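Undergrad: Below is a structure I'd like to ask you about.
Every read-out reported here was derived from the displayed coordinates using simple, explicitly stated rules and does not represent laboratory data. Values in this document were obtained by computation on a predicted structure and should not be read as measured data. Because the Cβ atoms are built from the backbone with ideal geometry, glycine has one as well, and the counts that use them run over all protein chains shown.
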Amino acid sequence: MQKRARALRIRSTVAGILLVPIIGAIIWLFATGELSIADFTGNLELLGLTILLSLGLLFSLLPGIIAFRRRARNRVAILVLSLLLGFTLLGWIVAFVWAFVDKTEP
């Protein structure tokens, strides 16, 4: 039962990270008048870009998310490393490995 609850929390976190920027972009487009119901297909490029950026953000923050979910001792440092050097492949790999290797708190 505990595994199921943990999996549900992870899925809800991922869904929140992905959906908030997408919904925000759609609301912004409606508010600025760039998007109306009649021409909803006209700005799908922006929606696609928002989805792509959201996935990139999720991927770059993945080591920090894993560290917080595992309750790693250095989870804040892993998140900071992921934020500052996550865009480089080497920094992301170091943070990703560190998230799994770091000892967890009870």
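Undergrad: How far apart, in nm, are the 7 Å Cα→Cβ label points at VAL80 and GLU45?
TA: 4.0 nm
Undergrad: Which order do the peptides 85-98, 67-80 come out in when sorted by mean C-beta neighbours inside 10 angstrom, highest first?
TA: 67-80, 85-98
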